[in-house]
There are 2 protein chains.
Amino acid sequence: MMRIDYRPIGIFDSGVGGLTVLKEVEKILPYENIIYFGDTARVPYGGKSKSTIIRFTTESVLFLLKKKVKLVVIACNTSSSLALDYLKSIFTVPILGVIDPAVKKAVAVSKKKEKKIGVIGTKSTVASRLYQKKITLLDKAIKVYAKACPLFVPLVEEGLLKGDIVNKIVHLYLKDLKGKIDTLVLGCTHYPLLKDSIGKYLRNVYMVDSASEVAKKVKEILIENNIFNKKKTNFKRFYVTDEPKEFMKIARIFLNNNFEKPKLINV
Amino acid sequence: MMRIDYRPIGIFDSGVGGLTVLKEVEKILPYENIIYFGDTARVPYGGKSKSTIIRFTTESVLFLLKKKVKLVVIACNTSSSLALDYLKSIFTVPILGVIDPAVKKAVAVSKKKEKKIGVIGTKSTVASRLYQKKITLLDKAIKVYAKACPLFVPLVEEGLLKGDIVNKIVHLYLKDLKGKIDTLVLGCTHYPLLKDSIGKYLRNVYMVDSASEVAKKVKEILIENNIFNKKKTNFKRFYVTDEPKEFMKIARIFLNNNFEKPKLINV
């Protein structure tokens, strides 16, 4: 029997970047209620240690659980790389990260080509080597080239998405990958906004943006668990740990449409 | 009578940048014991709100007080701009920020020239308008041009201190100040590392780096309060809220000499 489950989907990110995931989720699941939580007081996570990332992410998921979410998406690549296994081991709610969907897609694309995948992300994501391990696990013939790109997030948050400065920083980070890869995983929620600049530089490289892959996986899990919402009741609510002003400013770079003002909370 | 006060000086910064202040303090006060505290789990503060900056800074100062410091230096410009008045109103220990010493120096320099001062800092520092107000309070004939430079901190933390990318970002932020100012306040602990690149671009502008001004002020306060240490007993201890590895890596950009491994603590 088809149930209707009105409980919201929880989307967590260290800051504003997870909005790329929210956008894709609402595109293919327009009736679902969504609660977005951004840990904006402690953002960014990308250069921090595993223990700190686990602590912050766990506190954030606990907040979403209080809001009675039926599924949690860890939209942050850094948290997905370093905290997801731990979260899954302690919480009963279905929890989904952004790594597996992106890995699956990248491997499928690259298999038809030269089997050379590039992965870019924050320092902590790349240092965790999780992308590298998961790709090789699916196909050990694939060569993986990983590179941390710490300046990409501040660039995007400054609204610098193309132009001379962006091109030079793209060159700085990607010159070693250029000509060596057929597929590139954009392993950070901010990077899809640099897709044009990265694409122009690398040429003929398929870019995997985890957001749309994750959204498909969310739909699968909802159907599998029979916790789908087929009635139009949708709300989107935003919660942040720092005052909403700066979040709203940067969120406008990510979303084109209007959205409800986030509520300030403490975790 | 001359007392000898062995209690350490506490230096607080949101991260690693306060090491520029530590360096200057130990240069002119070589016998003083120093405790450095960096809130590396929650860094950076530069784009966050006043209430969050006050909360994080207060928690950090409370940690230093537990270590029985005789004086607290708020080495972080963002915290000095937004939290110093509050801290002074609630704590009895002498607390010193980095704004006043820099303002005093800048005004003294600019008075002999065209009375046009530039101030650069984080988003929150510039938005607080504290530098601007304090300069005008000392001499209302001085014109102040302020500009937030959010990409400077990530550049320094990437070890990018000169070259093409740095020059282009310097141009991006400082083109409106070029030719208009005789003095520039480097209103963030990271910026002195970009002094050469900024100096080459602006030409003939006197740059005020608060670190050395703050150190002089620390010495004054110690003498005034008779809490000087004239015996060679010095230790330097470092505490951070995230695991020390990343701190140590970036600290090497700031300090040339070796230093004791920081201890990880929670506030």
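Only the coordinates and a few stated rules stand behind these numbers; no lab work does. All figures in this text were calculated on a predicted structure; none of them were measured in a lab. We place every Cβ from the backbone using ideal geometry, glycine too, and count neighbours over all the protein chains shown.
Can you give the FRET efficiency for residue B:252 and residue B:27, using 1/(1 + (r/R0)^6), R0 = 30 Å, r = Cβ-Cβ distance, to the nearest 0.05?
The calculated FRET efficiency here is 0.95.
Collect residues whose amide H, placed 1.01 Å from N in the peptide plane, falls under 5 Å from the amide H of residue A:118; neighbours closer than 5 in sequence don't count.
Here the answer is A:145, A:182, A:183, A:184, A:185, since their amide H atoms fall under 5 Å of that of residue A:118.
Mean residue ellipticity at 222 nm from the helices of the protein assembly as shown, using -39,500 (n - 2.57) per DSSP H segment of n ≥ 4 over the full residue count, to the nearest 500 deg cm²/dmol?
-13500 deg cm²/dmol
What pairs from A:27/A:217; A:162/B:200; A:27/A:88; A:261/B:123 go past 23 Å between their alpha carbons?
Exceeds cut-off: A:162/B:200; A:27/A:88.
How far apart, in nm, are two points set 7 Å out from the Cα along the Cα-to-Cβ line at residue A:164 and at residue A:216?
Result for the modelled spin labels: 4.1 nm.
Where both residues lie in segment A:1-159, what percent of DSSP beta bridges are antiparallel, nearest 5?
0
Would you work out which of A:141, A:226, A:75 lies farthest towards the positive end of the dipole of chain A, given +1 charges on the beta-carbon of Lys and Arg and -1 on that of Asp and Glu, about the Cα centre?
Towards the positive end, the residue furthest out is A:141.
When you count, for each residue, the other Cβ atoms within 10 Å and take the mean per peptide, how do A:245-254, A:11-20, A:56-65, B:222-231 rank with the highest first?
Ranking, from highest mean packing down: A:11-20, A:56-65, A:245-254, B:222-231.
Around residue A:41, which amide H atoms from residues at least 5 apart in sequence, or from another chain, sit under 5 Å from its own amide H, with H modelled in the peptide plane?
Amide H neighbours of residue A:41, under 5 Å, 5+ apart: A:241, A:242.
Enumerate the amide H contacts of residue B:238 below 5 Å, restricted to partners 5 or more residues apart or on another chain; note that Pro and chain-start residues carry no placed amide H.
Answer set, sorted by chain and number: B:36, B:263.
Points 7 angstrom from Cα along the Cβ direction at residue B:231 and residue B:245: gap in nanometres?
Each label point is offset 7 Å from its Cα along the Cβ direction, giving 4.1 nm.
Using alpha carbons only, how many angstrom separate the centre of segment B:73-113 from the centre of segment A:186-260?
41
Go ahead and run the numbers for FRET between residue B:92 and residue A:178, Cβ-Cβ distance against an R0 of 51 Å, rounding to 0.05.
Computed FRET efficiency for residue B:92 and residue A:178: 0.30.
Once the other residues with Cβ under 13 Å from the Cβ of residue A:100 are scored (Lys, Arg +1; Asp, Glu -1), what is the net sum?
+4
Which lysines does residue A:263 reach when only Cα atoms under 20 Å apart count, and residues fewer than 8 places away in its own chain are ignored?
Once the sequence-local lysines are set aside, what remains near residue A:263 is A:23, A:66, A:67, A:68, A:236, A:245, A:249, B:48, B:50.
Would you mind counting up the charge near residue A:165? Only other residues with Cβ under 11 Å from its Cβ, with Lys and Arg at +1 and Asp and Glu at -1.
Value of the local net charge: 0.
How crowded by other chains is A:39-47, given as the mean number of beta carbons from other chains within 10 Å of each beta carbon?
Mean partner shielding for this stretch: 4.
What net charge do the residues around residue A:54 carry, taking every other residue with its C-beta under 14 Å from that of residue A:54, with Lys and Arg at +1 and Asp and Glu at -1?
0
Residue A:7 versus residue A:266, label points 7 Å from Cα toward the beta carbon: distance in nm?
2.8
Taking the Cα centre as origin and putting +1 on Lys and Arg beta-carbons and -1 on Asp and Glu beta-carbons, what dipole magnitude results for chain A, to the nearest 20 debye?
580
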